[in-house]
1. So how much slack lies between residue 19 and residue 165, counting 0.36 nm per residue of separation and subtracting their Cα-Cα distance, in nm?
2. So what's the back-of-envelope 222 nm ellipticity for the chain, counting only DSSP H runs of four-plus at -39500 (n - 2.57) apiece and dividing by all residues, rounded to 500?
3. Once the piece of chain linking residue 83 and residue 155 is laid out straight, how much longer is it, given 0.36 nm per residue of separation minus the C-alpha distance between them?
4. Kirkwood Rh, the chain, all Cα pairs: how many Å?
5. Would you kindly state how much longer the chain becomes between residue 8 and residue 55 on full extension, computed as 0.36 nm times their sequence separation minus their alpha carbon distance, in nm to one decimal?
6. In the structure shown, do any of 41/175; 55/83; 72/147; 55/147 have a Cα-Cα gap over 26 Å, and if so which?
7. Report the Cα centroid-to-centroid distance between the stretch 26-60 and the stretch 78-137 in angstrom, as an integer.
Amino acid sequence: MVNAWYMDNDTTNQCLEHHRNPPEYITVEHLYKKTGVEYFKINVDTYKTDGILDKIKEERGYSYEDEIVCSKECLPNFEEKLKSFFTEHLHTDEEIRFVLEGSGYFDVRDGDDQWIRIAVSAGDMIIIPSGIYHRFTLDTNHFIRAKRFFVGEPVWLPYNRPADDMPCRKEYVDKLQKGFVTAA
Ligand SMILES: CSCCC(=O)C(=O)O
Ligand SMILES: [Fe+2]
């Protein structure tokens, strides 16, 4: 099960857990209600044939996919990339990641502007909505390999905060205020 919690205010060493004292965990259901972030558990040993990932891809129209490896050895301009991943930003499209190996943290802001840290590892698929402020960091294992998906031609461009006037941000805030109810 995905492991998510509210963060403390300590800004040193982004690779650590940064739990509050006492820890304040959040469930997947609550995470969705508070942020619109979606989560799926997928078997990394059987996903190529069990149809679970295929169904999600088909239903959501994920026509593009590739793989990203974040490690000093594999990622060109590693330090620079990691720095930009961890700078608070948003995208005009969903950020979809399915972790195959390794681990890391996606941090997302809730409606009260509090950071929620989502620990991901092999088998975790996370869908970060467009317009939400978020960031990514490796943890103390310093390695992650993940699939990236996209509807149509991929756009990875981050818009650093503040980006409050962007249409995708306004749409996100609107959905947040409505509690992420899906149209029947
Ligand atoms: C787990 S994927 C690494 C992070 C990333 O691709 C991103 O933040 O855009
Ligand atoms: Fe991002």
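1. Values: separation 146, 0.36 × 146 = 52.56 nm, distance 3.17 nm.
Here the segment from residue 19 to residue 165 would lengthen by 49.4 nm.
2. Helices in the chain give a 222 nm mean residue ellipticity of -5500 deg cm²/dmol.
3. Values: separation 72, 0.36 × 72 = 25.92 nm, distance 1.88 nm.
Length gained between residue 83 and residue 155: 24.0 nm.
4. 16.9 Å
5. My answer for the length gained is 13.2 nm.
6. The pairs that break the limit, which is 26 Å between Cα atoms, are 55/83.
7. Here the two parts' Cα centres lie 15 Å apart.
Coordinate-derived values only; no laboratory data. Computed from a prediction, not measured in an experiment: that's the story for all the values here.
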